[in-house]
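Please read the structure below before turning to the comments.
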Amino acid sequence: MIKSLSNKITSFLVHKNSIDNEDSEVCSYGLEVLISSLINTVIVLFIGFILGKFMQTAVFIVCYCSIRQFSGGYHSSSHGKCIFTFLCMYIATVVIVGNIYSIYLKPVILLICILNWISIFILVPVEHVNNPLTDLEKIKNKKNARVIVTLVLVGILMGLYLDLAYEYVLYSVLAICWVNFMFILQIVKNKGDK
């Protein structure tokens, strides 16, 4: 469905001479990724709104997507599986936060944050077989992922230290954990494919 829609939009753009025919495949793939990401975001934000967690959900999405954009990692084999996977991660996040919100876990959260930060800082970017990176892209993605995950970590540390918005801190921490999980999963998959 998403592929079909992106192909139709691309055909329309080629027909209107908005893009060249030789760029149509790249444009179609880009639209496919954009539409899938938009669907993911809208579904999760809608669920967050229904649960009364809209802002927490927005924080989760911003933290997760901004790091994941540059860190690389596991990608599902279809858009449906991708949407389902992201939805499961989000729902797990809501359930985990709901169960630990009232428990004093600052030292544990700090440890989890630092371990995930170190892992991301050392291992990024992780290539997917369908999206190989040039050496320049690897350097750029590594730098961007490191900067973003460091900024998120600083925000988390400030939130923990100042006792500000603890629930938002938990959503941010879990976003980093999920990013780390996704690229470690891809590292394992890459080793298994060799």
Subject >> GNM flexibility winner over the chain from Val108, Val179, Val147 (Cα, springs under 10 Å) >> reply: Val108
Original post:
Once amide H atoms are placed 1.01 Å from N in the peptide plane, what residues at a sequence separation of 5 or more from Gly73, or on another chain, have their amide H within under 5 Å of its amide H?
Top reply: Val126, His128
Subject >> Dimensionless Rg ratio for the stretch 1-143, taking C-alpha atoms and the 2.2 N^0.38 Å reference >> reply: 1.27
Original post:
When the Karplus curve 6.51 cos²θ - 1.76 cosθ + 1.60 is applied with θ = phi - 60°, which whole-Hz ³J(HN,Hα) does each residue of the stretch 89-97 get, with x for Gly and Pro?
Top reply: 4, 5, 4, 4, 4, 4, 5, 4, 4
Subject >> Simple spin-label estimate for Met55 and Leu34 in nanometres, 7 Å along Cα-Cβ >> reply: 3.1
**OP:** Just order 152-160, 133-141 by mean Cβ neighbour count inside 10 Å, highest at the front, would you?
**Re:** 152-160, 133-141
**OP:** Once you've got the Cα coordinates, tell me which of Lys106/Lys138; Lys81/Lys142; Lys8/Lys138; Lys138/Lys189; Lys16/Lys189; Lys81/Lys143 are over 31 Å apart.
**Re:** Lys106/Lys138; Lys8/Lys138; Lys16/Lys189
Original post:
When the Karplus curve 6.51 cos²θ - 1.76 cosθ + 1.60 is applied with θ = phi - 60°, which whole-Hz ³J(HN,Hα) does each residue of the stretch 138-149 get, with x for Gly and Pro?
Top reply: 4, 4, 5, 5, 4, 4, 4, 4, 5, 5, 5, 5
**OP:** List Ser77, Ser6 from most exposed to least, where exposure is judged by having the fewest other Cβ atoms within 10 Å.
**Re:** Ser77, Ser6
Subject >> Per-residue ³J(HN,Hα) for the stretch 27-34, Karplus 6.51 cos²θ - 1.76 cosθ + 1.60, θ = phi - 60°, Hz, x for Gly and Pro >> reply: 4, 4, 5, x, 5, 4, 5, 4
**OP:** Would you calculate the separation in nanometres between label points at Ile47 and Ile9, each defined as 7 Å from the Cα along the Cα-to-beta-carbon direction?
**Re:** 2.3
Original post:
Going by how many other beta carbons lie within 10 Å of each one, how would you line up Tyr29, Tyr74, Tyr161, fewest first?
Top reply: Tyr161, Tyr29, Tyr74
Original post:
Cβ under 14 Å from His79's Cβ, His79 left aside: what net charge do those residues give with Lys, Arg +1 and Asp, Glu -1?
Top reply: +1
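Ranking Trp117, Trp178 by Cβ neighbours within 10 Å, fewest first, what do you get? Mind showing how you got there, number by number?
Numbers: Trp117 19, Trp178 23.
In increasing order of surrounding Cβ atoms, one gets Trp117, Trp178.
None of the figures in this text is laboratory data; all of them are computed from the coordinates on show. Keep in mind that this is a model prediction, so the values were computed, not measured. All Cβ positions, glycine included, derive from the backbone under ideal geometry; neighbour counts span all protein chains shown.
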